[in-house]
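What follows is one structure encoded as structure tokens, with my remarks underneath.
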Amino acid sequence: MDQPWNLAALREGESGYVVSVSTHPALKHRLQDLGLIPGTRVTCMARSPAGDPCAYLIRGALIALRQADAQEISLRPWDQRGA
């Protein structure tokens, strides 16, 4: 699957690479400061019991994001073979 999808679609344990971040400017800047830029691998580590927020592993840091914000981050699949 080469078509982009968003960060909120990841299930626990799944990974993807960032394609774009389209959230509001202040959050976009903060996420970029944390290393969430195109090409970065992101892994969904955990979901809260209610499903919102979710914890994502981004460059060694565990970051919690609300689903509304995660939907604004486009991904492409992570190929486990390293492609």
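Applying the criteria of a DSSP loop state and at most 16 other Cβ atoms within 10 Å to the chymotrypsin sites (Phe, Trp or Tyr not before Pro) of the chain yields 78. Taking the charge dipole of the chain about its Cα centre, with +1 at Lys and Arg Cβ atoms and -1 at Asp and Glu Cβ atoms, the residue from 71, 27, 58 reaching farthest to the positive side is 58. Using Cβ point charges alone (K and R +1, D and E -1), the dipole size of the range 5-77 about the Cα centre works out to roughly 120 debye.
Estimated from helices alone, the mean residue ellipticity of the chain at 222 nm is -3500 deg cm²/dmol (sum of -39500 (n - 2.57) over DSSP H runs with n ≥ 4, per residue). Short-range pairs are left out: with C-alpha atoms under 8 Å and at least six residues apart, the relative contact order of the range 5-77 is 43 percent. The label-point distance for residue 33 and residue 71, in a model that sets each label 7 Å from Cα toward Cβ, rounds to 2.6 nm. With an a/c value under 1.5 for the gyration tensor axes a ≥ b ≥ c computed over the alpha-carbon atoms, the chain is described as rounded. Computed packing ranks the peptides 22-30, 41-49 as 41-49, 22-30, most packed first, by mean other Cβ atoms within 10 Å.
Where a number appears in this text, it was derived from the coordinates with a stated rule and is not lab data. The model shown is predicted, which means the values in this text are computed figures rather than measured ones. Don't worry about glycine lacking a Cβ; one is built from the backbone with ideal geometry, like all the others, and counts go over all protein chains shown.
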